[in-house]
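Report on the following structure.
The values are calculated or read from the model by the stated rules, or taken from the named source; none is laboratory data. Everything numeric in this text was worked out from a predicted model, so none of it was measured. Counting neighbours? That spans all protein chains shown, and the Cβs are built from the backbone with ideal geometry, glycine included. Only protein heavy atoms, including side chains, enter the accessible area calculation; ligands, DNA and RNA are left aside. Shrake-Rupley method; radii C 1.70, N 1.55, O 1.52, S 1.80 Å.
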Amino acid sequence: MLVKVYSAAVNGLETTTVRIEVNIKNGIMFHFTGLGDTAVREGRDRIASAIQYIGYKFPKADITINLAPADLRKEGSGFDLPLAIAILAANKSIEHKELDKYMFVGELGLDGALQPIKGALPIAIRARKEKYKALIVPRQNAREAAVVNNLDVYGLDDLKQVIALVSGTEKFEPTFVDTRKEFYEHQYNFDLDFADVRGQENVKRALEVAAAGGHNLIMIGPPGSGKSMMAKRLPSILPPLTLQESLETTQIHSIAGKLDKDTSLISQRPFRSPHHTISEVALVGGGLSPQPGEISLAHNGVLFADELPEFNKSTLEVLRQPLEDRKITISRAKYTVEFPCSFMFVASMNPCPCGYYGDPTHTCVCSPGQIQRYMNKISGPLLDRIDIQVEITPVPFKDISQAREGEKSEVIRKRVIAARKIQEERYKESKGVYCNAQMSERMIHQYAEPDKAGLDLLKMAMEKFSLSARAYSRILKVARTIADLDGSEKVEARHLAEAISYRNLDRGDWAERQW
């Protein structure tokens, strides 16, 4: 007897409906077609054990299974549940009149218990698009999938409950999630706050400017000066996620299996801080089964690279294109997938190999040549994509003990949100441009052209500090953001002066200034 049951396969961000066909007839063979990977094929033993454990008999017959479309590769253990239901229905062990109205996904334990799977959210979105009556998932995935409205999502514990639901012998309540309430409740709950940072007002200002314009930023300073401490507090001053951004971000984390148990929506901007030993594949994504990398997990948030020169140089170079395009296309022999990766890149580094160049309390033992070689670990093209470069020095103990509590993140965030609203209005007609960091050259001339006094200042600074030509556009973008924070329609000389002060590494004499 032939039975059809429906599930879904996730490849990158693309989700495809999979029709599971099971035909049972006299015989003893087991045939499996449809490009299922090892995890899918090994499901036969899990399914057989689960069916027998809950009191049913696994068919002793000729079983042919096809996963259509047959030319699409299917991966993962999420096909266990629909396969089990299809086998039982084909064997006439359960009723199957309305099986075509459900979509099933879930891994089976040997005792029939449902185990969580990756990608429940994009599968739920697909189920709603295809107008299925309901989606049946493991209970641990229920809240994640129930974010999708106009779709009944049943989070169940085991195969026995699934059979009871589809047979109509027992009623279950679909999982309900008040998406907007969940989303807005957790948007402003941050564990870290800029109020904890004593001193370092110039660096906090640079971080505020970076947040307001979506600019990439690098902090250079000795160990213990507070680089990592301040970077970790950056999400607390970024504009809150929109509901659409939250859904995009949650989908990526769902596919990667990075969502916490019982999480429905990611309501705060992600902050990813990979170790400097990370590989290229782990950073940009890929692998045997296409998975999002750290840059995609940081989508709509922050990617923080601590101790930047310690990263493998070839690993850092793969960031160049994603920083410009804000998406990454991964092409391999068997697949091509595209992941979004629109993130703020924030980095920190010591100024030299010993770490104490420029530190007023320690003596640097590095020569200018050693400092230059250390800096050369970061290529010019990558540095070109970092708008703000700020030096940081340790706060002396007497200043730490006497300093008042710093300005709260909540106060800074209000200024950042106000500046972003100005930018949203400015770029509302420009597709794909939402902040000043994304301005094209034409937009720079249109929105950030300085007056004569500003041009004279910029010319003098470029000549005096030997600033490179690539610094010109970056300075104007940052100056435009500073003007937005100031509520100024025009970019003035004082805005340019502050923007110029954020180009420390472009100065030709950077490594020799203290020699």
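At a glance:
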quantity	calculated
Modelled label reach - N189, point 7 Å along Cα→Cβ, segment 244-262 residues with backbone N closer than 19 Å	246-247, 250, 259-262
F32 long-range amide H proximity, modeled H, under 5 Å	I65
Fraction of accessible area attributable to carbon and sulfur, segment 55-157 (%, probe 1.4 Å)	44 percent
Ranking by accessible area, most exposed first, for D71, D157 with a 1.4 Å probe	D71, D157
Nitroxide proxy distance, nm - points 7 Å out along Cα→Cβ at S430 and M229	3.7 nm
F190, F58, F176, reordered so the largest accessible area comes first (probe 1.4 Å)	F176, F190, F58
Sparse-neighbour loop sites [GluC sites (Glu not before Pro); segment 368-472; at most 10 other C-beta within 10 Å; DSSP]	E429
Principal-axis tilt of helix 201-213 within the chain, Cα atoms, nearest 10 degrees	50 degrees
Derived scalar couplings ³J(HN,Hα) [segment 253-259; Karplus, 6.51 cos²θ - 1.76 cosθ + 1.60; whole Hz; x for Gly, Pro]	5, 5, 4, 7, x, 9, 6
Between helix 470-485 and the chain: long-axis angle, C-alpha atoms, 0 to 90°, nearest 10	80 degrees
Residues with amide H under 5 Å from that of A8, placed H, sequence gap 5 or more	V18
Charge dipole magnitude, Cβ of K and R +1, D and E -1 - segment 178-285, Cα centre, debye nearest 20	320 debye
Partnerless cysteines, meaning none of the other Cys C-beta atoms lie under 4.7 Å away, in the chain	C341, C354, C364, C435
Under-5 Å amide H pairs with M344, H placed in peptide plane, nonlocal only	G301, V302, L303
Extension gain, E307 back to A70 (0.36 nm per residue minus Cα-Cα distance, nm)	80.6 nm
Candidates per trypsin sites (Lys or Arg not before Pro) in segment 90-132, loop by DSSP, up to 12 other Cβ within 10 Å	K92, K97, K131
Considering only the chain, percent of DSSP beta bridges that pair antiparallel, nearest 5	50 percent
Segment 345-361 - phi-based ³J(HN,Hα) in whole Hz, Karplus 6.51/-1.76/1.60, Gly and Pro as x	9, 10, 10, 9, 7, 6, x, 7, x, 7, x, 10, 5, x, 7, x, 9
Probe 1.4 Å, protein heavy atoms only - accessible area per residue of the chain in square angstrom	46 Å²
Selection from S488, N300, A142, by position along the positive dipole direction of the chain (Cβ)	A142
Separation of the D62 and M1 label points, Cα + 7 Å toward Cβ, nm	1.8 nm
Eligible lysines near K118 by straight Cα distance, threshold 16 Å, same-chain separation 8 or greater	K74, K258, K261
DSSP-loop GluC sites (Glu not before Pro) across segment 52-124, with at most 16 other Cβ within 10 angstrom	E95, E98
